[in-house]
Amino acid sequence: MMRLMNILMLSCRKATELMEKRLHTRLRSIEKFQLFMHSQMCDACRSYEKQNHFMDDMLRNQSKTSYQPKSSLKKLPDEVKSKIIKELNSSKIN
Amino acid sequence: MQATDNPDKPQLIAQWVNLYSDELYRWAIYKVTDEAVAQDLIQETFLSAFQHADKFQGSSSPKTWLFSILKNKIIDHYRQKVRSFASTNLAHTEPENDPWFDSDHRWKDASKPEPWDVGTENLLDNPEFEATLGNCLRKLPVAWSSCIQLKYLNEKDSDEICQELNITTSNLWQILHRAKLHLRNCLELNWFKP
């Protein structure tokens, strides 16, 4: 019985680690079950999971090439643009 | 649109640089922080684009194509960065004084996650939150934030990332897990429960 309990009972650290793993790959059946059991009983880990999902969404979204950063309106300095144009025109790449 | 053997090549180059470089630059700065590095990456992106102009068949827009080249340049940037860390350094994910978990691996009382009072909707479009998230990412140890960037920019290739970092897949989760714990805490202190 103790052995069974040990298998079923995850620590919070292990549970949150499996939550991370689940974001990136499939969990094994036993891991899914362990995580389910733990989450049923642990408010803190449930909060963590929600917040972890949110961070995952944010990071995923801002890593898309279509993402437009909102916090900066910086432009590429003109001299860098001219330099690129000049270099491309003078290079014998074709 | 063919950039090679195009008599209007100088115009085309100037046109693409003027049309797309600011947007490319903004994303590059956001992803790598350092403006000088971002400028180099933009330069490399255009150079690479015109070197491989034959591969651009007009099947995507020039903008999409340039962004995909830039993305690969940014991934290379982080690869190099991460390679400069010894694998032992990266794998060091279990600090002696764990700030989050006690010796039984349960949450310490002070770090128990509680629900955030502030909603998380629409934060992706919020410039202040974006800046906060950026700052929190920068506060992470460089090896960890580089792992995060590589993982999210290069989603499909966890195994490849692990090979390059000379770590196992399970170790990558542990690194990401540690990094997220810190990131969560930083967001909480600076945004959700200031």
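Quick note: the coordinates plus some simple rules give every number you see, no bench work behind them. Quick caveat: nothing in here was measured; it's all calculated off a predicted structure. Using ideal geometry, Cβ is built from the backbone for each residue, glycine included, and neighbour counts are taken over all protein chains shown.
Here are a few things to note about the model shown:
- Fluctuation leader among B:120, B:168, B:45 - chain B, Gaussian network, Cα springs under 10 angstrom: B:120
- Spin-label pair residue A:7/residue A:50, simplified geometry with 7 Å Cα→Cβ offset, distance in nm: 3.3
- Values of log10 I(q)/I(0), in the order q = 0.08, 0.09, 0.16 Å⁻¹, for the protein assembly as shown under a Debye, Cα-only, solvent-free model: -0.42, -0.52, -1.26
- Contact order, relative form, for chain A: 23 percent (alpha carbon pairs under 8 Å, 6 or more residues apart, mean separation divided by residue count).
- Once divided by 2.2 N^0.38 Å, the Cα radius of gyration of segment A:1-81 becomes 1.69.
- Its convex hull of Cα atoms gives segment B:107-194 a direction-averaged projected area, equal to a quarter of the hull surface, of 6.8 nm².
- Convex hull of chain B built on C-alpha atoms - directionally averaged projected area, nm²: 13.6
- Lysine pairs within chain B, Cα separation less than 15 Å, 8 or more sequence positions apart or different chains: 16
- Total lysine pairs whose alpha carbons fall under 27 Å of each other in segment A:29-94 (8 or more apart, or interchain): 14
- Free-standing Cys, chain A [no other Cys Cβ under 4.7 Å]: A:12
- Mean residue ellipticity at 222 nm, helices only, chain A: -22500 deg cm²/dmol; runs of at least 4 DSSP H residues each add -39,500 (n - 2.57), and the sum is divided by the number of residues.
- Most mobile of B:53, B:110, B:28 in a GNM of chain B (Cα contacts under 10 Å): B:110
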